[in-house]
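Participant: So that we are looking at the same thing, I have put the structure below in structure tokens.
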Amino acid sequence: MTSKAPTAAAEIAALRTELNEHLYRYHVLDQPSILDALYDELYQRLVALEALHPKLISADSPTQRVGAKPLDAFAEVTHRVPMLSLSNAFSDDDIVAFDKRCRSQLAAEAGDNEIEYAGEPKFDGLAISLCYVDGVFVQGATRGDGTVGEDVTQNLKTVRSIPLKIDSSAALLEVRGEVLIERRDFEALNERQTNQGEKPFVNPRNAAAGSLRQLDSRLTALRPLSFFAYGLGATDGISLPHTHNEAMDMLVGLRFPVAAQREVVVGVTGLLDYYARIGKARATLPYDIDGVVYKVNRIAQQQQLGFVSRAPRFAIAHKFPAEEATTVVLGIDVQVGRTGAITPVARLKPVFVGGTTVSNATLHNQQEIDRKDVRIGDTVVIRRAGDVIPEVVAIVASKRQPGSEQYRIPPNCPVCGTLLERETREVKRGGEVFLDQLSTYYCTAGLVCAAQRKQAILHFAQRRAMSIDGMGDAIVDQLVESNLVKTPADLYKLTIAQLELLERMGLKSATKLVENIDRSKSTTLSRFIFALGIHHVGEEVAKVIARHYGDIRKIESQDWVAVSAEKDRIKKENIRRKKLGDPLLPELLHGIGSEIIKSLCAFFRIEQNKQVIDEIVSAGLVFQPEVVLASMRDKTFVLTGSLESISREEAKRQLEALGAKVAGSVSSKTNFVVVGENAGSKKTDAERLGVPMISETELLSMLRG
Ligand code: IVH
């Protein structure tokens, strides 16, 4: 036995290397170098040897790609570096503006020089992150909401072009990319589905999404998923490349599949030329793409450009024109949004366009309906662009049926019956203020309207807000319909006995839901503010408000008119100071403009809103320190004083690894000052400028995510 083991181990190792080489040639290089039958023979030999020597089975063996036992649910994964989205451009002008923005922001360093960009296809698949520790693939996750995704490691192991082991000295390497199904594989898959009497998939993207979210990875293993890398996430223990292109070359060296059409181009002409060439080649590519992506090539320049909200400023997606089709309007419904905004929606005879079947399209508002004169029974052209909601572009006048009537949005809310109001905006003309009527109608009933109540509750409970797992559409519908929940505060009064009576609920799920509701009480102030669903107050705005005031009572009782006046005063004063070359005053509530202040004012003026807040807070909310990993990326830290359990150098290294910047001095641009023992003038600076200060413990918990 002892004499045989080394030979078996050696043979197993040799078989693995050989099989992995064939997989790489077949799935990554698209240059098969062995007959299928021969591959199978080698593979079966490895299976047999591993069965005899189970201790020799390793996670990176090709035999581990067949899937594992089904899961009950996917675990959550918090991304070390958030997975962001891209801003979209639809015209050449948008791209000219993008290049201009980049150039003006980089002018100090780059002068008048053209910028170098990396151009890539925009894959129409699903974003994933692959995590390699000491060269071994240990975890793969979906994008999720960008901060938290789902652990789909077992499923990703079945993707033959994803290496299970890489030849890299990195202690940690995260590879970001897209999972998709290539066209020829999709056709074969659908043929198989039809032959087996199953429904064919609508498009490759849907098929890929369904396969990736299979709880039974043995089923995923039967789906022909492919992977293409397009960037790096967190890394540790390697020196980072200077350009995006070098990073991609590094990934190629590590045997990751990347787009064959990637290129480095220069200036706006280079970008537009690349777009035209890829557009022409689109139909001949092996996979669906919905545009191209441009990224500033130099990493130092990327860092200088930074991020805005959830997207980088250094990259943009240039979408291909939307796809169009004609169909018939069967009816027109009106939908009530979370804020009461009324959207007319055309119910269509289902039509296949841009890769999916479309049966609804937005008509935007009454003005647009009038402009296009869309009527029930009309034949219309509809357009679908990427994942944007399809829209009615125009009618086909020659096909109009006799006797059709102009369509008018009904005067009352279809859900609660309240008389709709038209949105207005103040405009100044010749020194006088006028109220302009805008094109959107609103149901102003707020939480009295069941449609708005449902959406307010769903918004409140969503993961990015209070994160109440299990509070989905079906439950919220029932809670609102049965009047058990009239405001978000009522969620905290729900009992197991009440929930148990709902449809599709049992004692177990009711208990779990009450636990989840209870757990949501531990939150952050910014999540809570975002959860309130104040018009125009998204996550970023909520964070700015939370950091500035730090206390819900202060926010509730704020005189927003005075805040607005103070902002104006600082703005004017800074214009004056700039002319004189004097130091500028720190901006108050950066990024919060008059529209946002107006809606904060309107929201907190309503007594019922304050009551709801009070009820929720007294249900036992506990506000945790504000910062989470996702918000580290573009933040600037200053460290001061001595830290006990971590050296300043190490703290700096870890912060930078998470995408944060560490500066030497405090300015109005600093996001956090970490205050250690015997902190000196930087602490005083932070106090003077109103920069949030955090303790060593808070820093450590942020680093741990
Ligand atoms: S880079 C920080 N490159 O587009 C930017 N994304 O809207 C990270 N996508 O969810 C993305 N092809 O899944 C990048 N060549 C490409 C891409 C690409 C497709 C997807 C990606 C992301 C979405 C962003």
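The values are calculated or read from the model by the stated rules, or taken from the named source; none is laboratory data. Quick caveat, the model's predicted, so the values are computed rather than measured. Because the Cβ atoms are built from the backbone with ideal geometry, glycine has one as well, and the counts that use them run over all protein chains shown. Accessible surface is based on the protein model in full, side chains and every heavy atom, while ligands, DNA and RNA are left aside. Shrake-Rupley method; radii C 1.70, N 1.55, O 1.52, S 1.80 Å.
Participant: Count neighbours as other Cβ atoms within 10 Å of each site's Cβ, and list the GluC sites (Glu not before Pro) in the range 359-457 that are DSSP loop with at most 16 such neighbours. List each step's numbers first, then the result.
Facilitator: On the way: sites: Glu368, Glu391, Glu405, Glu421, Glu423, Glu426, Glu432; in loops: Glu405.
Sites meeting the loop and neighbour criteria: Glu405.
Participant: Let me ask something else about it. Of Gly177, Ile162, Leu225, whose Cα points farthest to the positive end of the dipole of the range 153-252 (charges on the beta-carbon: +1 Lys, Arg; -1 Asp, Glu; origin at the Cα centre)?
Facilitator: Towards the positive end, the residue furthest out is Leu225.
Participant: Continuing with the same structure: Excluding same-chain residues fewer than 8 positions from Lys554, which aspartates and glutamates have a Cα within less than 15 Å of its Cα?
Facilitator: Leaving aside aspartates and glutamates fewer than 8 places away in the same chain, those within reach of Lys554 are Asp614.
Participant: What nm value, rounded to one decimal, do you get for the distance between Leu285 and Lys598 when each label is placed 7 Å out toward the C-beta?
Facilitator: Result: 4.1 nm between the two label points.
Participant: Here is a further query. Please compute the per residue accessible area over the chain with all protein chains in place, 1.4 Å probe, rounded to a whole number of Å². Mind dumping the intermediate values first?
Facilitator: Values: 35330 Å² over 705 residues.
Dividing the accessible area of the chain by its residue count gives 50 Å².
Participant: For the range 640-705 and the range 168-242, what is the separation of their C-alpha centers, rounded to whole Å?
Facilitator: Using only Cα atoms, the two centres lie 40 Å from each other.
Participant: Looking at Pro70, Ala127, Cys102, which one has the Cα that reaches farthest to the positive end of the dipole of the range 1-139 (charges on Cβ: Lys, Arg +1; Asp, Glu -1)?
Facilitator: Pro70
Participant: Still on this structure, I have one more. Any idea what diffusion coefficient the range 141-217 gets from Stokes-Einstein, in µm²/s, Kirkwood Rh on alpha carbon pairs, 37 °C, 0.692 mPa s?
Facilitator: In µm²/s, the coefficient is 228.
Participant: Over 22 Å between C-alpha atoms is what I'm after, so list which of Lys295/Lys661; Lys280/Lys399; Lys199/Lys399; Lys372/Lys399; Lys55/Lys157; Lys100/Lys661 land there. Let's see the in-between values first.
Facilitator: Details: Lys295/Lys661 20 Å; Lys280/Lys399 33 Å; Lys199/Lys399 34 Å; Lys372/Lys399 14 Å; Lys55/Lys157 20 Å; Lys100/Lys661 25 Å.
Flagged as over cut-off: Lys280/Lys399; Lys199/Lys399; Lys100/Lys661.
Participant: Do any cysteines in the chain lack another Cys Cβ under 4.7 Å, and if so which?
Facilitator: Flagged as lacking a Cys partner: Cys102, Cys131, Cys601.
Participant: Using the Kirkwood radius built from alpha carbon pairs, what does the Stokes-Einstein equation give as D for the range 185-301 at 10 °C and 1.306 mPa s, in µm² per second?
Facilitator: Working: Rh = 17.2 Å.
In µm²/s, the coefficient is 93.
Participant: Under the Kirkwood approximation for Rh and a Cα-based Rg, what ratio Rg/Rh is obtained for the chain? Mind showing how you got there, number by number?
Facilitator: Details: Rg = 28.4 Å, Rh = 29.1 Å.
Rounded to two decimals, Rg over Rh is 0.98.
Participant: Are there any GluC sites (Glu not before Pro) in the range 196-301 that are in a DSSP loop and have at most 10 other Cβ atoms within 10 Å? List them by number.
Facilitator: Answer in residue order: Glu198.
Participant: On to the next question. Magnitude of the Cβ-charge dipole of the chain, K/R +1 and D/E -1, about the Cα centre, nearest 20 debye? It would help to have the intermediate numbers written out before the result.
Facilitator: Details: 88 positive and 90 negative charges, 175 e Å.
It comes to approximately 840 debye.
Participant: Now for a different question. Around Leu38, with a cut-off of 14 angstrom between Cβ atoms, what is the net charge of the other residues, counting Lys and Arg +1 and Asp and Glu -1? Before the final figure, lay out each step's value.
Facilitator: Numbers: positive: Arg25, Arg45; negative: Glu18, Glu21, Asp36, Asp40, Glu41.
Neighbour charge sum, excluding Leu38 itself: -3.
Participant: What spacing in nm lies between the two simple spin-label points modelled at Asp568 and Thr424, each 7 Å away from Cα in the Cβ direction?
Facilitator: Reported label-point gap for Asp568 and Thr424 is 2.0 nm.
Participant: Taking a cut-off of 23 Å between Cα atoms, list the lysines near Lys493, but don't count ones fewer than 8 places away on the same chain.
Facilitator: Reachable lysines: Lys454, Lys508, Lys512, Lys521, Lys610.
Participant: Additional query: Please list, or write none, the aspartates and glutamates whose alpha carbon is within less than 12 Å of the alpha carbon of Lys635, excluding same-chain residues fewer than 8 places away.
Facilitator: Correct list for Lys635: Glu656.
Participant: Multiplying the sequence separation of Lys55 and Arg184 by 0.36 nm and subtracting their Cα-Cα distance, what value in nm do you get?
Facilitator: Numbers: separation 129, 0.36 × 129 = 46.44 nm, distance 3.88 nm.
Gain on extension, Lys55 to Arg184, equals 42.6 nm.
Participant: Sticking with this one: For the range 385-510, what are the per-bin percents of Cα-Cα distances with bins 10 Å wide, up to the bin holding the maximum?
Facilitator: Bins of 10 Å from zero give 10, 25, 25, 22, 13, 4, 0 percent of pairs.
Participant: Express in % the proportion of alpha carbon pairs of the range 292-354 at distances exceeding 15 Å. Walk me through the numbers on the way to the answer.
Facilitator: Details: 1397 of 1953 pairs.
Summing the P(r) of the range 292-354 above 15 Å gives 72 percent of all pairs.
Participant: How far apart, in nanometres, would the label points at Ser482 and Thr326 be if each is projected 7 angstrom from Cα along the Cα-to-Cβ direction?
Facilitator: 5.0 nm
Participant: Report the gain in length on full extension from Asp518 to Asp582: 0.36 nm times residue separation, minus Cα-Cα distance, nm rounded to one decimal. Could the numbers behind the result be given before it?
Facilitator: Details: separation 64, 0.36 × 64 = 23.04 nm, distance 5.17 nm.
My answer for the length gained is 17.9 nm.
Participant: Calculate, in whole percent, how much of the Cα-Cα pair population of the range 563-675 lies beyond 21 Å. Can you show the working numbers first?
Facilitator: Numbers: 3897 of 6328 pairs.
Tail fraction, whole percent: 62.
Participant: Right, something else. Can you compute the radius of gyration and Dmax for the range 334-442, using only the Cα atoms, both in Å?
Facilitator: 16.3, 52
Participant: Hey, how much of the P(r) for the range 238-281 falls beyond 17 Å, as a percent of Cα pairs? All intermediate terms of the calculation are to be shown ahead of the outcome.
Facilitator: Numbers: 418 of 946 pairs.
Summing the P(r) tail past 17 Å for the range 238-281 gives 44 percent.
Participant: Where the accessible area of the chain is counted over protein heavy atoms with a 1.4 Å probe, how much of it, in %, is carbon and sulfur? Write down the numbers at each step before the final one.
Facilitator: Working: 18160 of 35330 Å².
About 51 percent, which is the carbon plus sulfur part of the accessible surface.
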